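In what follows, a single structure is set out as structure tokens and then discussed.
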Amino acid sequence: MTQQGYTKELMKHFQKPKFVKKLKNPDGVGEVGNMKCGDIMHLEIKVDEKRNEIKDIGFQTFGCPAAVASSDVVCEIAKGRTLNKAMKK
């Protein structure tokens, strides 16, 4: 654990997230917020229609290290999966 109580893995995703980006003409957009703590997550996807899979994904999150890191992990898990498989994870 780090000083803040976060794991090294979480801090890695927070300090160097791979999927922070805005997509040009996304096929899907989602946004969620937490009124209590003020975190806001905005996620965008591009879908390969023939394969019905997520070919690109990006996020912009305003919030604590856990919010940013979890957004990055969600993108890492979802990219390359079909929409059906991504929704089940």
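Give the stretch 41-65 a look and list any residue that's under 15 Å from GLN15 (Cβ atoms) and open to solvent by 40 Å² or more (accessible area, probe 1.4 Å), or say none.
Listed by number, the list holds a single entry, CYS64.
What are the residues in the stretch 19-33 that are over 18 Å from ALA86 (Cα atoms), in contact with a strand residue (DSSP E or B) (Cβ under 6 Å, 6 or more places away or on another chain) and not charged (D, E, K, R), if any?
LEU23, GLY33
Can you find, within the stretch 66-82, the residue that is most open to solvent (accessible area, probe 1.4 Å) among those that are among the charged types (D, E, K, R) and in a helix (DSSP H, G or I)?
Among those residues, the one meeting the criterion is GLU76.
Please work out which one of (1) free of Cβ contacts under 8 Å to residues at least 12 places away in the same chain; (2) open to solvent by less than 80 Å² (accessible area, probe 1.4 Å) is the condition LYS24 fails and give its number.
Looking at each condition in turn, LYS24 falls short on (2).
From LYS85, LYS36, which residue is modelled with pLDDT under 95, over 14 Å from the mean Cα position of the chain (by Cα) and in a helix (DSSP H, G or I)?
None of the other options fit; the residue is LYS85.
The values are calculated or read from the model by the stated rules, or taken from the named source; none is laboratory data. As the structure is a computational prediction, the values presented were derived from the model and not from experiment. With ideal geometry, Cβ positions are generated from the backbone for all residues, glycine too; neighbour counts draw on all protein chains shown. Surface areas here come from the heavy atoms of the whole protein model, side chains and all, with no ligands, DNA or RNA. Shrake-Rupley method; radii C 1.70, N 1.55, O 1.52, S 1.80 Å.
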